[in-house]
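In what follows, a single structure is set out as structure tokens and then discussed.
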Amino acid sequence: MTGSAARSVSHNAARTQTNNGIDKKRLMPPKRKPSLLLPSRGDEAVAAICDVVRRIPKGWVATYGQIAAMAGLPRRARLVGHVLQHLEATSDVPWHRVVNAKGEVSYALSRNGSDAVQQRLLEKEGIEFDDRNRFDVERFRWRD
């Protein structure tokens with residue numbers, strides 16, 4: 001162990017307190033460094049995601065990961081889902097054209113039935129689902 005690592009270990013050990021034999025430090029989640037990929041403002045990320053989704057033409061789909069990458073937010077597919085789930089009902093963003101990479105509508109209780117609406121909207125645009133409610137994502141994938 002190098003000198004700075006040894007000092008760090010001994011410093012952390014000195015700060016650890018026990019209560020009834022439980023190490024409080026072990027109960028704390030690890031500290032994470034902020035991601036350098038995060039935008040400085042959340043509004044900019046939302047705007048970037050919505051701008052990309054608006055470009056998806058009728059009859060085509062994109063995956064959450066694809067939208068994240070195109071919006072300059074690689075590896076942030078969950079953020080895309082979160083943004084789309086919290087759009088206003090009157091939004092002009094075609095949220096229904098964003099699907100998971102398996103070629104499915106992502107079903108979740110928190111969507112309050114919008115997953116069934118999503119499948120109906122996609123079917124109206126010509127996306128063909130099979131008997132397992134899946135479609136060929138490569139056939140219908142939008143490539144910008």
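Enumerate the pairs (first residue in region 126-144 and on the phi > 0 side of the Ramachandran plot; second residue anywhere and modelled with pLDDT of 95 or more and in a loop (DSSP other than H, G, I, E, B)) with beta-carbon separation below 7 Å, excluding pairs fewer than 6 apart on the same chain, so at least 6 apart or on different chains.
Once the first residue is on the phi > 0 side of the Ramachandran plot and sits in region 126-144, its partners that are modelled with pLDDT of 95 or more and in a loop (DSSP other than H, G, I, E, B) give Gly126/Gly59.
With respect to the numbered conditions (1) part of a loop (DSSP other than H, G, I, E, B); (2) open to solvent by less than 30 Å² (accessible area, probe 1.4 Å), which one is the sole condition not fulfilled by Arg143?
The number of the failed condition is (2).
Would you mention how many residues in region 105-140 are within 20 Å of the chain's Cα centre (by Cα) and open to solvent by 80 Å² or more (accessible area, probe 1.4 Å)?
Of the residues in region 105-140, 3 are within 20 Å of the chain's Cα centre (by Cα) and open to solvent by 80 Å² or more (accessible area, probe 1.4 Å).
Can you pull out the helices (runs of 4 or more DSSP H) entirely within region 29-109 that have at least 1 residues that are at pLDDT 95 or above, within 21 Å of Glu138 (Cβ to Cβ) and among the small types (Gly, Ala, Ser)?
Working: elements: 42-54, 64-70, 77-85.
Answer list for region 29-109: 64-70, 77-85.
The values are calculated or read from the model by the stated rules, or taken from the named source; none is laboratory data. These figures come from a predicted structure and were not determined experimentally. Positions of Cβ are generated from backbone atoms using ideal geometry, with glycine treated the same way; all protein chains shown enter the neighbour counts. All accessible areas refer to the heavy atoms of the entire protein, side chains included, with ligands and DNA or RNA removed. Shrake-Rupley method; radii C 1.70, N 1.55, O 1.52, S 1.80 Å.
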